[in-house]
Amino acid sequence: MSARVRTAVFPVAGLGTRFLPATKVIPKEMIPVIDRPVVQYAVEEARAAGIERFVFVTADGKEAIANHFSHHPVLESLLAEKNKTAELKLVTDTTLPSGALQIVKQHEPLGLGHAVWCAWKIVGDEPFAVILPDDMVLSDTPCLKQLIDAHAKVGGHVVAVENVPREATNRYGILDIDTEQGRLSKAKGLVEKPAPDQAPSTLAIIGRYVLDPIVFKELDKRTTGAGGEIQLTDALNRSLASVPFHGYRFEGKRYDCGSRVGFLEANIAFGLADASMKARLLPIIDRLVADARKSS
Ligand code: UTP
C-alpha cells in the first residue's frame, strides 16, 4: 500500500515564448480559458483529487500566480459592500487555505526536471504529484484522481499517457512498453522527444504525474538531455531499475494550451462543455466555419 499523495508540484517557471507578446508581462499560466486562468483549472483538479499542499515552482515576474490563490481584501470588501455575493464567492473560492500554498523559485529555466528538483525540500520523502497547467483535461473523474487511484494499486511512478500520431512523437516523452493491462502500460524504458522513426511506441506522457521521491536523487545529478535541459523523463528513465513505471491511459480529453491552436481548441471545448454557453456557441461556430470555408 503506497503512502497517500498529498502534495502537488506545479512547475510554472517557463518563459512561455510561444505566447509572446502576451507573456511579456502576464505569466502564461494566468492567461484565461473562458473566465479563469489556465493555472486555476490545474489547482481545481488537484483539490478535487484530494491534494492538500500546492507547491508552485516560479520565476521572477510570475508573482501574479501566487497572488491569484491568496486573499484580496480590497476587492473582497468592495464586492461585499455592493452585495455582489456570487462574484465574492468566485473570488474567495480561489483562495487556498493558510499554509497550503508554497512558492519556490527556479532562478534559471534549466528544464522541467530542474523545476521539479527545486521542490525537493518541500515535498520530502513521499510520493507526490506534478501537474503541468498547459495540459488541460476534460474528464468525468479528475485526471489526477485517476492517477492517484492507480498509484494506490501499483506504486512507483504513474504518469498520464495518451496515443499521439507517430509524426508527433518528437514533442513528447514516449514509453517503451513492457506489458499492458487495462488502462495501465508498464514501461521498460522512456525516450524524450524521439524522432518518429526512432520512437518505441506512440504512447506519450502528458502533463500529469504521480512520482516516487526517488526521482529527486536522479534529478540531483543534474544530467542534461534533449535541448540541453535537465529533463524529467530522463530522470524517470534512470530510476526504472528501482521502482516500477506505469503509464495510465486516462479517461478524458486533453488540450495542449501551450500552443496557440491548442489554446483556441481548449476555449471552444470548455465553452461547449458549459451548459450555459453551449446553445449560443454552436450557431456561432457553425457560422464562422461556413464563412471560413467560403473564403478559402
Ligand atoms: P514548456 O516546454 O511548455 O516551456 O514547459 P515554456 O517556457 O512554459 O513555454 P514555451 O515553450 O517557451 O512557449 C513545460 C512546463 O514546464 C515548466 C513550464 O512553466 C511549463 O509548465 N518549466 C519548463 C519550468 O517550470 N521550468 C523550466 O525550466 C522549463
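Which of rounded, prolate, oblate describes region 126-169, given a ≥ b ≥ c as roots of the alpha-carbon gyration tensor eigenvalues and a/c under 1.5 marking rounded, otherwise prolate only if a/b is larger than b/c?
prolate
Take the solvent-accessible surface of the protein heavy atoms, probe 1.4 Å, and return the percent of it on the chain that carbon and sulfur atoms account for.
Percent of accessible area from carbon and sulfur atoms in the chain: 54.
First check a/c for region 243-291, with a ≥ b ≥ c the square roots of the eigenvalues of its C-alpha gyration tensor; if it is under 1.5, answer rounded, and if not, answer prolate when a/b is larger than b/c or oblate otherwise.
prolate
As an exercise, take the mean of 1/r over every pair of distinct alpha carbons in region 1-144, invert it, and state the Kirkwood radius in angstroms.
16.2 Å
Along the Cα→Cβ direction, 7 angstrom out, place labels at ASP93 and ASN163. What is the inter-label distance in nm?
3.7 nm
Taking every eigenvalue of the Cα gyration tensor of the chain, multiplying by 5 and rooting it, what semi-axes result, largest first, whole Å?
They are 31, 25, 19 Å, listed from largest to smallest.
Where the only charges are on Cβ atoms (+1 Lys, Arg; -1 Asp, Glu), what is the dipole of region 56-97 about its Cα centre, to the nearest 20 debye?
120 debye
Calculate how large, on average over all directions, the projected area of the Cα convex hull of region 113-195 is; give the answer in nm² to one decimal.
Average of the hull's projected areas for region 113-195 equals 6.8 nm².
Using all alpha carbons of region 1-66, what is the percent of pairwise distances in each 10 Å bin, ordered from the shortest bin to the longest?
20, 47, 24, 7, 1
Summing +1 for each Lys or Arg and -1 for each Asp or Glu, what net charge is found among the other residues whose Cβ lies under 10 Å from the Cβ of PRO196?
Within the 10 Å Cβ shell, the charges total -1.
Just how large is the dipole of the chain about the Cα centre, in debye to the nearest 20, putting +1 at every Lys and Arg Cβ and -1 at every Asp and Glu Cβ?
The dipole magnitude comes to about 260 debye.
Per residue of region 47-52, in order, report the coupling 6.51 cos²θ - 1.76 cosθ + 1.60 (Karplus, θ = phi - 60°) as ³J(HN,Hα) in whole Hz, putting x for Gly and Pro.
Result, rounded to whole Hz: 4, 5, 8, x, 5, 10.
Using just the C-alpha positions of region 194-296 as equal point scatterers, what log10 of I(q)/I(0) does the Debye formula give at each q in 0.15 1/Å?
-0.85
Where in region 189-252 are there GluC sites (Glu not before Pro) that are in a DSSP coil and have at most 16 other Cβ atoms within 10 angstrom of their Cβ?
Counting only loop positions with at most 16 other Cβ atoms within 10 Å, the GluC sites (Glu not before Pro) in region 189-252 are GLU251.
Using the crude model of +1 on Lys and Arg Cβ and -1 on Asp and Glu Cβ, and no other charge, please compute the dipole size for region 180-296 relative to its Cα centre, in debye to 20.
Approximately 240 debye in magnitude.
What residue among CYS143, GLY156, VAL191 has its Cα farthest toward the positive end of the dipole of region 127-272, where the charges are +1 on Lys, Arg and -1 on Asp, Glu, each on the Cβ?
My answer, from the dipole projection, is GLY156.
What is the gain in length, in nm to one decimal, between LEU15 and ARG171 on full extension, counting 0.36 nm per residue of separation less the C-alpha to C-alpha distance?
54.4 nm
Under the definition of Cα pairs under 8 Å and six or more residues apart, what whole-number percent is the relative contact order of the chain?
22 percent
Given labels modelled 7 Å from the Cα in the Cβ direction, how far is it in nm from LEU184 to MET277?
It is 3.7 nm.
Measuring with a 1.4 Å probe in the full set of protein chains, what accessible area per residue, in whole Å², belongs to the chain?
Per residue, the chain has 50 Å² of solvent-accessible surface.
Divide by every residue of the chain the summed helix terms, -39500 (n - 2.57) for each DSSP H run of at least 4, and state the resulting mean residue ellipticity at 222 nm, rounded to the nearest 500 deg cm²/dmol.
-10000 deg cm²/dmol
Which residues in region 85-120 place their backbone N less than 18 Å from a point set 7 Å from the Cα of THR224 along the Cα-to-Cβ direction?
The answer is 107-118, whose backbone nitrogens lie closer than 18 Å to the label point.
Given the options ILE230, ILE174, PRO200, identify the residue whose Cα lies farthest towards the positive end of the charge dipole of region 161-233 (+1 on Cβ of Lys, Arg; -1 on Cβ of Asp, Glu).
With unit charges placed on the Cβ atoms, the residue in question is ILE230.
The values are calculated or read from the model by the stated rules, or taken from the named source; none is laboratory data. As the structure is a prediction and not an experimental result, all values here were calculated from the model. All Cβ positions, even for glycine, are placed from backbone atoms using ideal geometry, and neighbour counts span all protein chains on display. We work out accessible area using only protein heavy atoms, side chains counted, and drop any ligands, DNA or RNA first. Shrake-Rupley method; radii C 1.70, N 1.55, O 1.52, S 1.80 Å.
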